[in-house]
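Notes to accompany the following structure.
The values are calculated or read from the model by the stated rules, or taken from the named source; none is laboratory data. Remember, it's a predicted structure, so these values are computed and weren't measured experimentally. As a convention, Cβ positions derive from the backbone with ideal geometry for all residues, glycine included, and neighbour counts pool all protein chains shown.
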Amino acid sequence: MTVKLRPHHLLCMLTYVGKGYSQAFTDNYDRVIERLAGGEEIIIGEGPDEICQPLLETTEPHCHNVSVTERDTQALLDVGKLLGRTLQVGDRLEINLSTLEGLRQSFAGGTTRTACVGCEWFELCTTVSADGYDSVKLHIVE
């Protein structure tokens, strides 16, 4: 099976500590993280993804906002640069321990955080990465 993620969620998953917009959102996110930790492959999607699902039931989900789409575009460029390849919608990624550590190191160093500018979770993610990702939910064991 695969997990459909929009590009900026490739960054969000790095610092996810169980906080979110609602209990339904965090419960769903926890399930997605378990699947990723279990080795499911990621397919890069466009627009709302599996993490967004609970938000789509709200009156005005921000998942469709232009600012979120722009965040996706920047994340795709930054993550692709880090991985040494051009990434696009439909590409598949396997997140192994080495890739996860590389993404987290780059995130902590600020080189893949262009997409995070203006995000309401910016400060939380900064704290999580500065603390060495000790409280994160996503762990890959090889």
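How many residues are modelled with pLDDT of 95 or more and not in a helix (DSSP H, G or I) when one looks only at region 3-27?
Of the residues in region 3-27, 10 are modelled with pLDDT of 95 or more and not in a helix (DSSP H, G or I).
Identify, please: which residue in region 58-73 is outside any loop (DSSP other than H, G, I, E, B) and not hydrophobic (A, V, I, L, M, F, W, C) and is, among those, surrounded by the fewest Cβ atoms within 10 Å (Cβ to Cβ)?
Out of the qualifying residues, it is 67.
Going through region 17-34 one residue at a time, which ones are touching a Ser or Thr at 6+ places or on another chain (Cβ under 9 Å) and in contact (Cβ under 8 Å) with a residue 24 or more places away in the chain?
17, 18, 19, 21, 22
Among the listed residues 49, 30, which satisfies the condition of being of a type in the set (Asp, Glu) and either at pLDDT 95 or above or outside any loop (DSSP other than H, G, I, E, B) (or both)?
Every option except 30 fails the conditions.
Hey, can you tell me all the residues within region 109-129 that are aliphatic (A, V, I, L, M), buried (at least 16 other Cβ atoms within 10 Å of the Cβ) and under 17 Å from residue 74 (Cα atoms)?
Result: 115, single match.
Run residue 55 past the list (1) surrounded by fewer than 18 Cβ atoms within 10 Å (Cβ to Cβ); (2) modelled with pLDDT under 95; (3) more than 14 Å from the chain's Cα centre (by Cα) and report the number of the one that doesn't hold.
(1)
Taking region 74-103 as the search range and keeping residues that are among the β-branched types (Val, Ile, Thr) and closer than 26 Å to residue 34 by Cα, which one is surrounded by the fewest Cβ atoms within 10 Å (Cβ to Cβ)?
Looking at residues that are among the β-branched types (Val, Ile, Thr) and closer than 26 Å to residue 34 by Cα, I get 89.
Identify all residues within region 20-44 that are surrounded by fewer than 13 Cβ atoms within 10 Å (Cβ to Cβ) and within 22 Å of residue 67 (Cβ to Cβ); write none if there are none.
Scanning region 20-44 gives a single hit, 22.
How many residues are more than 9 Å from residue 138 (Cα to Cα) and either hydrophobic (A, V, I, L, M, F, W, C) or under 14 Å from the mean Cα position of the chain (by Cα) (or both) if we restrict to region 15-27?
Number of matching residues: 6.
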